[in-house]
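Down below is the structure, laid out as structure tokens.
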Amino acid sequence: MEKKIILTTNAPAPIGPYSQAVLVGNTLYCSGQIALNTDGTLLLDSIEAQTKLVMHNIGELLKASEMDYSHIVKSSIFLTDMGDFAKVNEVYASYFSANFPARETVQVSALPKGVNVEISVIAVK
């Protein structure tokens, strides 16, 4: 099966040796997104603002693959503080209308660039 690298200037450039997303057949694998603007600056505001930017970045990767949030089948959320779970959950839920993706949320000791949330997704067209 052919592997297509997804690269868009509407989402932050990778900060390491990875692709923004990879499309294999009808399945899109999005790398973890953090609260990074397209110009490379960090958003270290509230956890809600960080989560909104993360979800926006995911949305841009989906658009670049001719998909939207409804195509997401699996999400992984990484938090540095599980005390932020309810706030992140509220923002995350606002991007879906029904048929939520499968998901796990885990607390980690640290995330890249000192952010508080990272989300990766798998989507199917």
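Every read-out reported here was derived from the displayed coordinates using simple, explicitly stated rules and does not represent laboratory data. Note that the structure is predicted; figures quoted are calculated from it, not measured. Virtual Cβ from ideal backbone geometry, glycine too; neighbours counted across all protein chains shown.
Yes or no: I58 in contact with an Asp or Glu (Cβ under 6 Å, 6 or more places away or on another chain) and either buried (at least 17 other Cβ atoms within 10 Å of the Cβ) or in contact (Cβ under 8 Å) with a residue 24 or more places away in the chain (or both)? Spelling it out, it is not the case that I58 is in contact with an Asp or Glu (Cβ under 6 Å, 6 or more places away or on another chain) and either buried (at least 17 other Cβ atoms within 10 Å of the Cβ) or in contact (Cβ under 8 Å) with a residue 24 or more places away in the chain (or both). Just one of the listed residues (S19, S75) is touching a residue at least 24 places away in the same chain (Cβ under 8 Å) and among the small types (G, A, S), namely S75.
When you scan segment 20-55, how many residues do you find that are of a type in the set (G, A, S) and crowded, with 17+ Cβ neighbours inside 10 Å?
Going through segment 20-55, the residues of a type in the set (G, A, S) turn out to be 21, 25, 31-32, 35, 40, 46, 49.
Next, only the ones that are crowded, with 17+ Cβ neighbours inside 10 Å stay: 21, 31-32, 35.
The qualifying residues number 4.
If you go through segment 71-84 and keep only what is surrounded by 15 or more Cβ atoms within 10 Å (Cβ to Cβ) and closer than 16 Å to V117 by Cα, you end up with S75, S76, I77, F78, L79, T80, D84. Hey, can you tell me all the residues within segment 92-114 that are closer than 20 Å to S31 by Cβ and in a helix (DSSP H, G or I)? Selection gives Y92, P112, K113, G114. In this structure, is K63 touching an Asp or Glu at 6+ places or on another chain (Cβ under 7 Å), in contact (Cβ under 8 Å) with a residue 40 or more places away in the chain, over 15 Å from K113 (Cα atoms) and assigned to a helix (DSSP H, G or I)? Criteria not met by K63.
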